[in-house]
Amino acid sequence: MAEFTVRRGALQAEGVSLERLAREVGTPFYVYSAASLRRAYRAYADAFAHLPATICYALKANSNQAVLRVLAREGAGADVVSGGELKRALAAGIPAARIVFSGVGKTDDELAYALRRGVGQINVESDAELDALDRVARRLGKRPHVSLRVNPDVDAGTHAKITTGTAENKFGIDFATARRLFAGAGKRQVRLDGLALHIGSQLTDLKPLARAYGRVAVLVRELRAAGRTVARLDLGGGLGIRYRDETPPTPASLARVVEKDVGKLGCALTLEPGRSIVGEAGLLVSRVIYVKDGTARRFVVADAAMNDLIRPALYGAYHEILPVRRRKGAARAVDVVGPVCESSDTFAVQRRLPPVKAGDLLVFGSAGAYGSVMASTYNTRPLVPEILVDGKRHAVVRPRIGVEALIAQDRVPTWLDRGARRR
Ligand code: LLP
């Protein structure tokens, strides 16, 4: 989080004071550092420059148009998992040819839209989906590049809810089915000429990835020996970031593993990093509403809640919590909670924090990935604004979506429309 530093006693995002942003837009809000985004993207671009690789940023981590535009200007492609994400990527100016469409449940409409827009690659996750795509492609007279997402049956050693590469997961196709589908590839309208894999997210160790790449390399050689074409290899995303004290692998170390395990196959390579591009580039900024002393514990009640950042409630995830302006005094253990009416609306349990008072600003660290995109309006809480900082400049890149706008989405049926109460 090099772009977030303390100056004159308070945390800043690049050259912009968080206290000033809080006064301007109110709390809670997300703030992203453009410099951090660029740095993270360039680390991949530089690490893979000597390989035939395309870096397709996984939009699911953060799909704000301004974030996408920063990355598009760096030359990033995109990995999308819905028609909606595809539209977002195109709207941000990412060329269709640099977009990969992944996901286990794409509908015919989404596939048709992708084909019409000319996406560079579609990753298929089942034989039924391959049939559906073939049908749609025939109807439209298109011959897209298709990769089969295989399941290498490797445990990524990450949180169970974000592991995807074992036989028990819904993702991917087993190797035997992949061999069968490649055997019939010649009869298809689509060009089945690639393999894809992704074994999980927040990986802090490259060994499971290396194992998975090794298995896929064996499959590539087998398929080729049987006369099939395998020209593309999509290596997925998954590199971890620092939430607490992790030392996640760097893109450069990933590149070394890629080079060793699949670099000599002569395939065009795709990488789909999400979290490791945006995660450390974002903070959630919140204000303390109350400090409440219960009989057993002290609770710090923040104005951000599980609907704004669900990772702690959903995965038990750790996010660093820091006061924007540190008060003097001894740290003590507190529970940091939000105002939502659920016990799971808890950001941290017995976390040691410096003294905190009502009205103080807190930041939740490493919140750029899977933060705002997973937000909801539970308890009719507005969707929090997002701000992009770039040097000394800043802009609100999504305004707060307020309660009036939410209520205005609802419709009362005509038969309930007249009179508030039955006589
Ligand atoms: N490619 C595929 C096929 C994926 O399923 C994912 C993430 C990625 C790429 C990007 O992975 P990354 O580089 O971000 O690890 N909401 C969870 C994370 C879910 C990840 C889902 N798939 C969280 O907050 O931890």
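The values are calculated or read from the model by the stated rules, or taken from the named source; none is laboratory data. The structure presented is a predicted model; accordingly, all values stated were derived computationally and were not measured. For neighbour counting, all protein chains shown are included, and Cβ atoms are generated from backbone atoms with ideal geometry for every residue, glycine included. Accessible surface areas use protein heavy atoms only, side chains included; no ligands, DNA or RNA. Shrake-Rupley method; radii C 1.70, N 1.55, O 1.52, S 1.80 Å.
Could you tell me whether R242 is modelled with pLDDT of 95 or more, of a type in the set (K, R) and away from the ligand (no atom under 11 Å from the Cβ)? Criteria met by R242.
The set of residues in region 16-52 being open to solvent by less than 30 Å² (accessible area, probe 1.4 Å), within 30 Å of A231 (Cβ to Cβ) and away from the ligand (no atom under 14 Å from the Cβ) consists of A47, F48, L51.
Considering G236, G227, G214, which residue is within 11 Å of the ligand (Cβ to nearest atom) and of a type outside the set (S, T, Y)?
Just a single option satisfies the conditions, and that option is G236.
Pairing each residue of region 305-324 that is modelled with pLDDT of 95 or more and among the small types (G, A, S) with any residue that is outside any loop (DSSP other than H, G, I, E, B) and open to solvent by less than 20 Å² (accessible area, probe 1.4 Å), provided the two are 6+ apart or on different chains, yields C-beta distances under 8 Å for A317/R311.
Within region 228-287, the residues that satisfy the criterion of being of a type in the set (D, E), under 22 Å from A367 (Cα atoms) and outside any helix (DSSP H, G or I) are D245, E246, E272. A single member of P144, P152, P95 is under 16 Å from Q189 (Cβ atoms) and in the same structural domain as A217 (by TED's automatic domain parsing), and it is P144. On inspection, A76 qualifies as at pLDDT 95 or above and either in contact with a Phe, Trp or Tyr (Cβ under 7 Å, 6 or more places away or on another chain) or over 23 Å from H145 (Cβ atoms) (or both). Kindly provide the set of residues from region 304-321 that are crowded, with 18+ Cβ neighbours inside 10 Å and either assigned to a loop (DSSP other than H, G, I, E, B) or more than 13 Å from the ligand (Cβ to nearest atom) (or both), ordered by number. Residues satisfying the conditions are A304, A305, M306, N307, D308, L309, I310, A317, H319, I321. Inspect all residues belonging to region 184-200 and state whether any of them is away from the ligand (no atom under 16 Å from the Cβ), touching a strand residue (DSSP E or B) at 6+ places or on another chain (Cβ under 6 Å), open to solvent by less than 30 Å² (accessible area, probe 1.4 Å) and assigned to a helix (DSSP H, G or I). Yes, the conditions are met somewhere in region 184-200. Screening G214, G236, G172 for residues that are open to solvent by 10 Å² or more (accessible area, probe 1.4 Å) and under 24 Å from the mean Cα position of the chain (by Cα) leaves exactly one candidate, G172.
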